[in-house]
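Structure first, then comments.
The values are calculated or read from the model by the stated rules, or taken from the named source; none is laboratory data. Everything numeric in this text was worked out from a predicted model, so none of it was measured. Glycine also receives a Cβ, built like all others from the backbone with ideal geometry; neighbour counts cover every protein chain displayed.
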Amino acid sequence: MSHHTVQNLVVRMLFDEAFVEAVHADPGRALAGLELTEAERDQLLRVDRRAWRHDALRRKRTLRTLVEEFKVSTTIVLAETRSLASLEHFFSSSFFHRAIQERGSLGMAFSDFLLDGGKRGEWKAPQIEDVVRLEAAIAGCRRTLAREGEHEAGDLPATISDRSRVRLAPGYDVGAFQANVIPAIQQVEQYLFEVSLMPAMALCDDAPRLPALPLVDRTKKSFLFFGPGASGISLTNIDKPAYLVLLQAKRPIEIRNLLSRAGVAGVNARRAQEILSEWLENGALVLVE
Amino acid sequence: MTTFAKRVKCLPRLGVGLSGEFNVAAKGMDVSWLKEHYPALVHFYEYGADLDRGLDDGVRRWAAACRPTTYHFLDINLEERMDIDRHWIAQTKALAAEIGATWLCGDAGRWHFGLRERGHGMLMPPILCRESAMETAESIMRIEAETGMFCLPENPPAVIYLGDLHILDYFALVAERADCGLLLDCAHLAIFQQTRDLPPLTGLDNFPLDRVVEMHVAGGTHADVEGYAYIEDSHTPEPLAATWEILECVLPRATNLRAIVFECEQNAPEECLAGFARLNELFPIKKEKANAR
């Protein structure tokens, strides 16, 4: 279906001027591997290059939407780089282009871009990795919830075989983070609230700056449970055994395998059974048909 | 299923209407206010909706007064088969039913790239080729079959159109294959003709005008980027001359036309009264009156 390929290319070219230049400089290389007819390739090349730039605010509008989901991560990045271009570079990254060409999620591609920037040392704040992972977990929950709909906890069968499969219900997730991730997030949110009172204050030399964030503490872990709440995805602290049991159910798994893996991870067998029952009853775990 | 020619006879004449979107009354026109103050100018409300935002109080109030509506979708890629899912169809049908919409309509092409997710929204025209037209037709047939409603594809605006077909030939193919009605946006057609450096009426002679059930009229603005000229679909109060020319050429030949929407809801009502008056002159709510003249 090459018209789909062309549409994906149009999106990439509308967002990324560097890609437009690459397509014109060496079409064979820039468009390699894509299912395109000669005529479609010629049509793309015949478009006046200036036309691709007609919407000067396109990147910023999209960035605003992405930043809404990753507001703490992006604040940390911007506080460090003091460069909007550091985030706009997303639209020229392989993460963006792959997401478009493969019909992936832009939001999740953006989280990969932020994580990659941290790994490559483009932003060095030690808090960034866990903050991105946490915001990505929330973004992921929103998407599964929107895609699959909320699961309503119903009556469970009287007996459940250990060969039955379970998984986390749509919109639920768990994660382990460095101990100070929540205080760091709260501090950034407090800063964002302050500047939101008068956004133009960002222009002032004496505008509030992001204060130093709580140090990363990897000696302790914060185990978090994500689930649909009254106003979006809410976070709850859980204990380590509950985290280790629920972690196994990120994908469908037979109960006997879940219990076995939890045991290997150090969870007492009886406690694992209790956790399994509790979370099946409250609807965070569901039986998979 | 009966043919379009038979089905269209059951559609009521809606006259001239106003477009609107979620919470538009907060920053633009409130259709109920307009109806109350200028009852002869606006006769129906075309509500632009997506499943994320749903209906607003303005359209609910209008519909509660048993006034006619149409449902303009803003969140489906007709050109992309895999975007049409049972959930979207069911939810859209439910929203349209809630406001008593006479039909569904919307720009054919893409409302988002890839997934229907936040950040993916961007209106794009279809690739103007036969393969895409067939896929669009298939989507329309499915939506009409599963909702039991007319689904009128609209020619979208753009600065860049790709494909070897003229946009009117593309939509003629869609209509023939799907045996559906059409929504002809005169302002968008003027934009297309400008991008191809063609006179405004090019392609209309061979276009199946008897399938045009609804037309749109809106203001446009000449703009340029580094000297590259294009028309922005700005929905300002004054339509371009080319838009009026297209409308006036099509009107006498659009034998099944039921509605004209003036897309001007973001402006002050007073700025748009002349446009509404002219449209009502051209397309009165009561056909008999028109014939009598």
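Can you tell me which residue in segment A:185-213 is surrounded by the most Cβ atoms within 10 Å (Cβ to Cβ), limited to those that are touching a residue at least 60 places away in the same chain (Cβ under 8 Å) and closer than 30 Å to A:D239 by Cβ?
Here is the first cut: in segment A:185-213, the ones touching a residue at least 60 places away in the same chain (Cβ under 8 Å) are A:185, A:188-189, A:191-192, A:209-210, A:213.
Now drop any that are not closer than 30 Å to A:D239 by Cβ, which leaves A:185, A:188-189, A:213.
Values: A:I185: 24, A:V188: 22, A:E189: 13, A:L213: 22.
Among those residues, the one meeting the criterion is A:I185.
Considering only helices (runs of 4 or more DSSP H) fully contained in segment A:171-289, which possess at least 2 residues that are of a type in the set (S, T, N, Q) and closer than 19 Å to A:E80 by Cα?
A:181-196
I'd like the full set of residues that are more than 21 Å from A:A109 (Cβ to Cβ), in contact with a Ser or Thr (Cβ under 8 Å, 6 or more places away or on another chain) and β-branched (V, I, T), limited to segment A:13-69.
A:T37
Kindly provide the set of residues from segment A:185-243 that are farther than 20 Å from A:Y172 by Cα, of a type outside the set (A, V, I, L, M, F, W, C) and under 20 Å from the mean Cα position of the chain (by Cα), ordered by number.
A:Q186, A:E189 - these are the residues of segment A:185-243 that are farther than 20 Å from A:Y172 by Cα, of a type outside the set (A, V, I, L, M, F, W, C) and under 20 Å from the mean Cα position of the chain (by Cα).
When the residues of segment B:36-47 are narrowed to those that are surrounded by 23 or more Cβ atoms within 10 Å (Cβ to Cβ) and free of Cβ contacts under 8 Å to residues at least 60 places away in the same chain, which ends up nearest to A:G149 (Cα to Cα)? Spell out how you get there, then give the answer.
Residues of segment B:36-47 surrounded by 23 or more Cβ atoms within 10 Å (Cβ to Cβ): B:42, B:44-47.
Then keep just the ones that are free of Cβ contacts under 8 Å to residues at least 60 places away in the same chain; that gives B:45, B:47.
Details: B:Y45: 31, B:Y47: 26 Å.
Checking each candidate, the answer is B:Y47.
Every residue, every condition in (1) under 22 Å from A:A184 (Cα atoms); (2) of a type in the set (A, V, I, L, M, F, W, C), yes or no:
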| site | (1), (2) |
| --- | --- |
| A:R98 | no, no |
| A:R103 | no, no |
| A:A109 | no, yes |
| A:D112 | yes, no |
| A:L115 | yes, yes |
| A:K119 | yes, no |
| A:A125 | yes, yes |
| A:R133 | yes, no |
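Looking only at segment A:1-40, which residues are crowded, with 16+ Cβ neighbours inside 10 Å, charged (D, E, K, R) and under 20 Å from A:R53 (Cβ atoms)?
A:R12, A:D16
Looking only at segment A:108-123, decide whether some residue is crowded, with 22+ Cβ neighbours inside 10 Å, within 11 Å of chain B (Cβ to nearest Cβ), within 12 Å of the chain's Cα centre (by Cα) and under 30 Å from B:D224 (Cα atoms).
No: zero hits.
Given the conditions (1) modelled with pLDDT under 95; (2) assigned to a helix (DSSP H, G or I); (3) surrounded by fewer than 19 Cβ atoms within 10 Å (Cβ to Cβ), which single one is not true for A:E88?
If we test A:E88 against (1) modelled with pLDDT under 95; (2) assigned to a helix (DSSP H, G or I); (3) surrounded by fewer than 19 Cβ atoms within 10 Å (Cβ to Cβ), just (1) comes out false.
Among the residues of segment A:52-62, write down those that are surrounded by fewer than 19 Cβ atoms within 10 Å (Cβ to Cβ) and in a helix (DSSP H, G or I).
Result: A:R53, A:R58, A:K60, A:R61.
State all residues of segment B:116-155 that are assigned to a helix (DSSP H, G or I), more than 9 Å from every other protein chain (Cβ to nearest Cβ) and among the charged types (D, E, K, R); if no residue qualifies, say none. Talk me through it step by step, then tell me what you get.
Keep residues of segment B:116-155 that are assigned to a helix (DSSP H, G or I), which gives B:130-147.
If we keep only those that are more than 9 Å from every other protein chain (Cβ to nearest Cβ) as well, we get B:130, B:133-134, B:136-147.
Selection gives B:R130, B:E138, B:R142, B:E144, B:E146.
Working only within segment A:91-117, note down all residues that are of a type outside the set (S, T, Y) and not in a helix (DSSP H, G or I). Reasoning before the result, please.
Initial filter on segment A:91-117 (of a type outside the set (S, T, Y)): A:91, A:95-104, A:106-110, A:112-117.
Across segment A:91-117, the qualifying residues are A:E102, A:R103, A:G104.
Out of the residues in segment B:85-115 that are touching a helix residue (DSSP H, G or I) at 6+ places or on another chain (Cβ under 7 Å) and within 14 Å of chain A (Cβ to nearest Cβ), state the one that is surrounded by the most Cβ atoms within 10 Å (Cβ to Cβ).
B:A108
Restricting segment A:151-162 to residues that are under 17 Å from A:A249 (Cα atoms) and not polar (S, T, N, Q), which is farthest from the other protein chains (Cβ to nearest Cβ)? I'd like the intermediate steps shown before the answer.
Initial filter on segment A:151-162 (under 17 Å from A:A249 (Cα atoms)): A:151, A:153, A:160-162.
Narrowing further to those that are not polar (S, T, N, Q): A:151, A:153, A:160, A:162.
Numbers: A:H151: 15, A:A153: 21, A:I160: 29, A:D162: 34 Å.
Within segment A:151-162, the match that is farthest from the other protein chains (Cβ to nearest Cβ) is A:D162.
Residue by residue through segment A:67-100, note down the ones that are farther than 30 Å from A:A32 by Cβ and within 14 Å of chain B (Cβ to nearest Cβ).
A:V67, A:E68, A:E69, A:F70, A:K71, A:T74
Just to be sure I understand the filter: pairs with C-beta atoms under 7 Å, separated by 6 or more residues or on different chains, first member in segment A:3-26 and over 15 Å from A:S92 (Cβ atoms), second member surrounded by 17 or more Cβ atoms within 10 Å (Cβ to Cβ) and of a type in the set (G, A, S). Which pairs pass?
Close Cβ pairs (under 7 Å, with a partner that is surrounded by 17 or more Cβ atoms within 10 Å (Cβ to Cβ) and of a type in the set (G, A, S)) amount to A:H3/B:S132.
Filter segment B:26-79 down to residues that are of a type in the set (S, T, N, Q) and touching a strand residue (DSSP E or B) at 6+ places or on another chain (Cβ under 8 Å) and give me whichever is farthest from B:C264 (Cα to Cα). Step through it out loud before you land on a result.
In the first step, residues of segment B:26-79 are kept if they are of a type in the set (S, T, N, Q); the result is B:32, B:69-70, B:77.
Restricting the remaining residues to those that are touching a strand residue (DSSP E or B) at 6+ places or on another chain (Cβ under 8 Å) gives B:69-70, B:77.
Numbers: B:T69: 16, B:T70: 16, B:N77: 24 Å.
That would be B:N77.
Filter segment A:118-144 down to the residues that are charged (D, E, K, R) and not in a helix (DSSP H, G or I) and list them by number.
Pass one, segment A:118-144, residues charged (D, E, K, R): A:119-120, A:122, A:124, A:129-130, A:133, A:135, A:142-143.
Selection gives A:R120, A:E122, A:K124.
So is A:V288 touching a Pro at 6+ places or on another chain (Cβ under 8 Å) and either under 29 Å from A:K124 (Cβ atoms) or surrounded by 11 or more Cβ atoms within 10 Å (Cβ to Cβ) (or both) or not? First the steps, then the outcome.
Working: touching a Pro at 6+ places or on another chain (Cβ under 8 Å): yes; either under 29 Å from A:K124 (Cβ atoms) or surrounded by 11 or more Cβ atoms within 10 Å (Cβ to Cβ) (or both): yes.
Spelling it out, A:V288 is indeed touching a Pro at 6+ places or on another chain (Cβ under 8 Å) and either under 29 Å from A:K124 (Cβ atoms) or surrounded by 11 or more Cβ atoms within 10 Å (Cβ to Cβ) (or both).
Considering only segment B:210-229, how many residues are at negative phi and surrounded by fewer than 21 Cβ atoms within 10 Å (Cβ to Cβ)?
Going through segment B:210-229, the residues at negative phi turn out to be B:210-225, B:228-229.
Narrowing the set further to residues that are surrounded by fewer than 21 Cβ atoms within 10 Å (Cβ to Cβ) leaves B:210, B:221-225, B:228-229.
Total satisfying the criteria: 8.
Give the residue that is surrounded by the fewest Cβ atoms within 10 Å (Cβ to Cβ), with candidates limited to residues of segment A:161-175 that are under 15 Å from A:I138 (Cβ atoms) and hydrophobic (A, V, I, L, M, F, W, C).
Residues of segment A:161-175 that are under 15 Å from A:I138 (Cβ atoms), as a first pass: A:168, A:170-175.
Among the residues that remain, those that are also hydrophobic (A, V, I, L, M, F, W, C) are: A:168, A:174.
Values: A:L168: 25, A:V174: 23.
Ranking the candidates gives A:V174 first.
Among the candidates A:S94, A:S83, A:S111, single out the residue that is under 23 Å from A:H4 (Cα atoms) and of a type in the set (S, T, Y).
Numbers: A:S83 fails: under 23 Å from A:H4 (Cα atoms); A:S111 fails: under 23 Å from A:H4 (Cα atoms).
A:S94 is the lone residue from the list that is under 23 Å from A:H4 (Cα atoms) and of a type in the set (S, T, Y).
So how many residues does segment B:268-283 have that are surrounded by fewer than 17 Cβ atoms within 10 Å (Cβ to Cβ) and assigned to a loop (DSSP other than H, G, I, E, B)?
Residues in segment B:268-283 being surrounded by fewer than 17 Cβ atoms within 10 Å (Cβ to Cβ) and assigned to a loop (DSSP other than H, G, I, E, B): 1 in total.
Does segment A:49-60 contain any residue that is touching a residue at least 60 places away in the same chain (Cβ under 8 Å), more than 20 Å from the chain's Cα centre (by Cα) and either within 9 Å of chain B (Cβ to nearest Cβ) or over 30 Å from A:G121 (Cβ atoms) (or both)? Step through it out loud before you land on a result.
Going residue by residue through segment A:49-60, those that are touching a residue at least 60 places away in the same chain (Cβ under 8 Å) are none.
No.
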